[in-house]
1. With a sphere of radius 14 Å drawn around the Cβ of Arg136, what net charge do the other residues whose Cβ falls strictly inside it have (Lys, Arg +1; Asp, Glu -1)?
2. Could you run the Debye sum over the Cα atoms of region 193-347, one equal point scatterer each and no solvent, and tell me log10 of I(q)/I(0) at q = 0.09, 0.14, 0.18 Å⁻¹, two decimals?
3. In region 1-107, which GluC sites (Glu not before Pro) are in a loop and have at most 12 other Cβ atoms within 10 Å, using DSSP for the loop call?
4. Compute and list, largest first, the equivalent-ellipsoid semi-axes of region 294-347 from the alpha carbon gyration tensor, each √(5λ) rounded to a whole angstrom.
5. So which lysines pass the test for Lys94, namely a Cα distance under 18 Å, with those fewer than 8 places away in the same chain ruled out?
6. Pick out which of Gly99, Gly185, Gly149 has the largest mean-square fluctuation in a Gaussian network model of the chain, springs linking Cα atoms closer than 10 Å.
7. Please compute the net charge surrounding Asn120, taking Lys and Arg as +1 and Asp and Glu as -1 over other residues with Cβ under 15 Å from its Cβ.
8. In debye, nearest 20: dipole of region 16-71 around its Cα centre with unit charges on the Cβ of K, R (+) and D, E (-)?
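Coordinate-derived values only; no laboratory data. Keep in mind that what you see is a predicted model, and the values were worked out from it rather than measured. Every residue, glycine among them, receives a Cβ derived from its backbone with ideal geometry; neighbour counts consider all protein chains shown.
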Amino acid sequence: MIKAGVIGGTGYAGQELIRLLTDHPDVRISFITSSSNHGEHYAKLYMSYYERMNINCIEMPLDIMGQDIDVLFIALPHGHSSTFLDQEIINKIKVVDLGADFRLNDVDTYNQWYSPKHINPKLIESAVYGLCELNREAIKKTNLVANPGCYTTCSILSLAPLLMKSLIDLESIVIDAKSGITGAGRTLSLSTHYSECNENMNSYNTIRHRHTPEIEEKLSSLSGERIKLSFVPHLMPVNRGILTTIYCKPNQSVNYGSIRNAYGNLYNSEKFVRLLPEGISAETKWVKGSNYIDIGIFFDERTNRIIITSALDNLIKGAAGQAIQNMNIMFGLNEETGLDRVSMFPA
C-alpha cells in the first residue's frame with residue numbers, strides 16, 4: 001500500500017485529489033494539510049467524506065522527512081513548494097507538485113512571468129514535466145514531477161502531433177481557451193462572485209497569461225524550433241471544464257486524412273486521449289468528472305487552416321487526475337488505476 005501525504009488538500013484541486021485517492025485501491029492517505037482549516041475534520045469541510053474518512057487537517061510547516069509516506073502531493077499555488085522542498089526530500093520521497101514552481105526549465109523565464117522570483121532554481125534540474133502521454137519514460141525514473149495545469153495540458157496535447165510531424169507554420173498558432181470557474185481556485189475574488197460571472201464570458205490576461213511561456217517552451221521542445229504563439233484565456237460560467245479552439249496554418253500540402261494520421265500515430269494507444277470522429281467537436285460535458293481529453297480535428301480547405309478543438313476537466317486531467325496518473329507511472333502501477341471512469345452526465 002502506497003502511503004500518501006497531501007499538502008494543500010482543501011482547495012478545489014486538492015479536494016479532487018483526495019476524492020480520487022480515497023478510491024484508489026493501492027493508496028492510503030496519511031495526512032492532509034491546510035493553512036486555513038488546520039485541526040478541523042476533513043468531513044466537516046467536505047461532507048461528501050462523512051463516514052468515509054477519519055482525518056483531521058494539520059498545519060504546515062511539518063517535518064516532511066519525519067512522515068512515514070511514500071509519495072507527497074503538493075496542491076498549492078506557485079511560489080510555495082520551492083520554499084520547503086529540497087534534494088534530501090526528493091531523494092527519499094516521490095513528489096508530485098501541482099503548482100508551477102518546477103514546470104519551466106528556464107528560471108529566468110519563470111521570473112519574468114511569476115512573482116515572487118524563484119528561490120530554489122537548482123531543484124528545477126531534478127524535475128520532469130509530468131505530461132504523461134509525452135514524457136512517460138522520464139516520469140518513470142524521476143522522484144519529482146511538475147504536474148502540468150489545465151490550460152497547458154489541453155493546449156500541448158492538442159498541438160503535439162502537428163509539431164512532431166512538422167506539419168504547421170510555427171508563426172500561425174492561435175489558442176483560444178476557455179475555463180470553468182473552478183480554474184480560478186476556491187479563494188473568493190470579485191470575478192468569481194455569482195452575480196459577476198453568471199450570464200457572462202470574458203477574456204482575461206489577454207496578452208500576458210503566465211501559462212503562455214510554459215506552452216511555448218514545451219511546444220518548442222517538441223518542434224525543435226523556438227515558438228511564439230497567441231494564447232487568449234476566457235472565463236466561462238460553468239463549474240468545470242477547459243475548452244480550446246486552436247487555429248494554425250499548414251506548411252505543406254495536407255488533407256484531413258494526413259492530419260488525422262498524425263494524431264492517430266501518437267495517440268491511438270493512449271487510454272485517456274480520445275480522438276473524436278470526423279466532423280465532431282470536443283465538448284466539456286462529455287469529459288466532466290473523467291481523466292479524458294477529447295480532441296476534434298478539422299481541416300478547412302477554403303481557408304487552408306487546421307482547426308483543433310479539445311476539452312478536459314480542469315480539476316482531473318488538468319490537475320488531480322493527471323497527478324495520480326503520474327503517481328501510477330512513478331510506482332510502476334497500471335496507469336489507469338483509480339482513474340478508469342466515464343464522465344458524469346448530467347452534472
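1. -2
2. Calculated log10 I(q)/I(0) at the listed q: -0.35, -0.88, -1.38.
3. Counting only loop positions with at most 12 other Cβ atoms within 10 Å, the GluC sites (Glu not before Pro) in region 1-107 are Glu51, Glu59.
4. Here the semi-axes work out to 31, 15, 9 Å.
5. Partners found: Lys3, Lys122, Lys140, Lys141.
6. Gly185
7. Around Asn120, the charge tally is -4.
8. 200
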